[in-house]
Each structure stands twice: as C-alpha cells, then as structure tokens.
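Beneath this line is the structure, given in structure tokens, with notes to follow.
Every read-out reported here was derived from the displayed coordinates using simple, explicitly stated rules and does not represent laboratory data. Computed from a predicted structure; not experimentally measured. Every residue, glycine among them, receives a Cβ derived from its backbone with ideal geometry; neighbour counts consider all protein chains shown.
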Amino acid sequence: VTEGFTVAIDGPAAAGKGTVSKAVAAHFGFAHLDTGLLYRAVGAKVLAGADPVDAARTLIPDDLENDSLRTPEVAQSASRVAVIAEVRAALVDFQRSFAARAGGAVLDGRDIGTVICPDAQVKLFVTASPEVRAQRRFAELSGKGIGDSYDRVLADVRARDARDMERAEAPLRPAADAHMIDTSTLTIDAAVAQAVALITKAR
Ligand code: CDP
Ligand code: CDP
C-alpha cells in the first residue's frame, strides 16, 4: 500500500506529536500531515451548523488553513465528530494518498499506525503524563491570548483522551509494533533525537 517511506506518529493530546513530526519531516525531507486538522476542520464546520458527515465528505485542503482550528472548543468538537464511523471513513483516502507520496511522509494523529497506515515503515507512539501535557497546552494557549485556566485545560485534555481511547471506531492505542517515546521529562531536542535515531535505523 505504501510506496514511499511512511512514518506514523500517534499519541494523546499535546504529547508533542506535531513538534516531533515537523522536526522529523524537516530532517528527512518528508512531507508532513497533521491529521488532527482534518477532524478539527470538520468539528469547526459542525460548530457553525453543518452536518458532520456532509462536512467530512466535502472537506477541501483550504479548510485546513485556518487559525481558528486551534481553539479548545474546536478540539472538543473534533473529538466528538471523530467517534462517527462515516466521518472517519470519508477521511481515509486523503490520508492514505498523502502517506504514499514518493518522497516520504510523516502523518500524526490517533490511528495512523493502527488503521490508516498499518504498513508504515516506522511507528511511534508519543506520550506524556496528562499533567505535563495540560501544562504545555496551557502555556501554548496563553501565548496565543486564549485565557483558559490550567484546570480547565487539564479537564479538556482528560475528556478528549477518554473519548479518543474509549470509542469503538479506531480508538487511540499504540500499534503492536510502535516504539514508545514518553516526553514527560524529555526536552523537544531529546524527543526529536530519539525519533530521528529510530527512523535512521529503519531506513
Ligand atoms: O501535536 P501534539 O498535540 O501532540 O503536541 P505539540 O503541539 O507538538 O506540543 C504541545 C506543546 O508541548 C508545544 O508547545 C511544544 O512546544 C511542547 N513540547 C514540549 O514542551 N516538550 C516536548 N518534548 C514536546 C513538546
Ligand atoms: O493537537 P491535539 O493532539 O490536541 O489534537 P489533534 O491532533 O488536533 O486532534 C483533535 C481531535 O481529533 C482528537 O482529540 C481526536 O478525537 C481526533 N483525531 C482522530 O480521531 N484521529 C486522528 N488521526 C487525529 C485526530
């Protein structure tokens, strides 16, 4: 199924998936897709009154270029639409085509190693404690002027983790052959170095 070289990176909210993915893509010259943006774009359309399945079926790349997708409200809406099987099914082809790019690709999300790219050459599961993840997301949102309290961010992260892990369709879990990277006590550079070393070995 995969023609180029695919790196699948999964994990819970604010674990560092995006940060590691971007650095790995830059290091190896791979294309990068943040698949969370697909669900966030559908979630944003639903907040604006759209039907979730229609929104997923009519999604266009321009829908992903939107700064408002980063808000906690959109994140919660994303995780609610992400339990719907027809929504997930509508987004599969786009993700698999992206993964098969000749020059190599990194995809990060929740079900990349388990459902979207089960044949990925490298699978990473990036995680960290809920408190560390909430602290990081809190700092990130504060920097953008979004004034949620730490407690509210932690509650949001926990609610989303629970919904993502407990859903019937493509639940969040490490693939059997995923390498675990716990970033709780790692700097960004150290986490990236672990990922780069694992990918270098697999190539
Ligand atoms: O993509 P995901 O939601 O998993 O997380 P992210 O957006 O890559 O990272 C969330 C925040 O944690 C960012 O502000 C990162 O700079 C920070 N981070 C960190 O402090 N230490 C790490 N080892 C990884 C990420
Ligand atoms: O950046 P963060 O990790 O906080 O969230 P995200 O990756 O943007 O994902 C937002 C939501 O989309 C998640 O909580 C999941 O419910 C859903 N999602 C999913 O179900 N499958 C994916 N491959 C990516 C995201």
Task: the chain, relative contact order in percent, only Cα pairs under 8 angstrom and at least six apart counted - done: 35
Open item on the list: Let me test this: with uniform point scatterers at the alpha carbons of the chain, what is the Debye-based log₁₀ I(q)/I(0) at q = 0.16 1/Å?
Closed with: -1.06
- [ ] Tell me which residues come under 5 Å, amide H to amide H, from THR183 once H is placed; ignore anything under 5 positions away on its chain.
- [x] THR127, ALA128
TODO: Under a 10 Å cutoff between Cα atoms, tell me which one of THR19, THR58, THR71 has the largest fluctuation in the Gaussian network model of the chain.
DONE: THR58
Open item on the list: With a 10 Å cut-off between alpha carbons and a GNM built on the chain, which of VAL74, VAL153, VAL92 moves the most?
Closed with: VAL92
Open item on the list: Can you give me the C-alpha center-to-center distance between the stretch 164-196 and the stretch 5-49, rounded to a whole angstrom?
Closed with: 13
Task: Amide proton proximity set for LYS123, modelled H, under 5 Å, gap of 5+ - done: ALA8, HIS179
- [ ] Positive end of the charge dipole of the chain (Lys, Arg +1 and Asp, Glu -1 on Cβ, about the Cα centre): tell me which of PRO52, VAL126, LEU38 has its Cα farthest that way.
- [x] VAL126
Task: Estimated [θ] at 222 nm from DSSP helical runs (n ≥ 4, -39500 (n - 2.57)) normalised by residues in the chain, nearest 500 - done: -15000 deg cm²/dmol
Task: Exceeding the 19 Å Cα-Cα cut-off - candidates LYS123/LYS201; LYS17/LYS45; LYS17/LYS123 - done: LYS17/LYS45
Task: In sequence order, calculated HN-Hα J values of the stretch 120-129 (Karplus, 6.51, -1.76, 1.60; Hz; x Gly/Pro) - done: 3, 5, 9, 10, 10, 10, 9, 9, 6, 5
